[in-house]
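Notes follow the structure.
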Amino acid sequence: MSAADLEILQQKFPDAVLGQNEFRGEFTVTVTLVALHDVLRFCKESLGYDFLLDVSSLDHFGQDPRFSMVYELATVDDRKHLRVKAPVGEEETVPSACDLWLAADWHEREVYDMMGIPFANHPNLKRILMWEGYPFYPLRKDFPLAGRPSDMPDVAFTGVAPLEGGPFVTSCGTDDVVRREPRARDQK
């Protein structure tokens, strides 16, 4: 059970554990950023958390430290689940977990892309959803809901669809095959 793992982590990293929590059978441990990688390595190698489910981040806009990193760990057989959190300041860099779990790669890139949190020793830290050179981080709480102006061309359109009436567009709601299926118009 994860409660015993929390005790082990408290004993192994007494100065690093900032807090523990159990809510509805889910266990969370909050650790210092400096000890985060060591704690994650210990969870994998000694406690058996061999499956990284997710890496995410939280924006506590207006608080210091501003961000939190969140790692969802589990065992492959789903016997145990543990959430590991670490507070991160705006100018701090998070140690990458890619050397522990290959699955951390794209998760960390998404956190970097959407929140602007950099990762040390990441093998390919570049944007994964937004284009390179985009100057903003869309999931930060200070990002406006309507978005920001961009130099990118508008690729969406509201006019007539270019394939309207074309060979691959059907019109539902009629029993007449010629009217329903444009490809059948020549079959009278």
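Each value in this text was obtained by applying a stated rule to the coordinates, not by laboratory testing. Predicted model, so just to flag it, every value in this text is computed and none were measured. Using ideal geometry, Cβ is built from the backbone for each residue, glycine included, and neighbour counts are taken over all protein chains shown.
Can you tell me which lysines have their Cα less than 28 Å from the Cα of K141? Leave out same-chain residues fewer than eight positions away.
K85, K126
How high is the FRET efficiency from Y134 to E90, r the C-beta distance, R0 25 Å, rounded to 0.05?
The pair Y134/E90 has a calculated efficiency of 0.85.
Read phi for every residue in region 71-88 and hand back ³J(HN,Hα) as whole Hz from Karplus 6.51 cos²θ - 1.76 cosθ + 1.60, θ = phi - 60°, with x for Gly and Pro.
Whole-Hz 3J(HN,Hα) from phi for region 71-88: 10, 9, 10, 8, 9, 4, 7, 6, 6, 9, 9, 9, 9, 10, 10, 8, x, 9.
Multiplying the sequence separation of W106 and R148 by 0.36 nm and subtracting their Cα-Cα distance, what value in nm do you get?
12.6 nm
Full-extension gain between D99 and H60, please, as 0.36 nm times their residue separation minus the C-alpha to C-alpha distance.
Answer, rounded to one decimal: 11.3 nm.
Would you compute the Debye intensity of region 46-143 from its alpha-carbon atoms alone, equal scatterers and no solvent, and pass along log10 I(q)/I(0) at q = 0.10, 0.16, 0.20, 0.22 Å⁻¹ to two decimals?
These q points yield log10 I(q)/I(0) values of -0.28, -0.68, -1.00, -1.15.
Contact order normalised by length for region 2-151, with contacts defined as Cα pairs under 8 Å and 6 or more residues apart; what percent is it?
18
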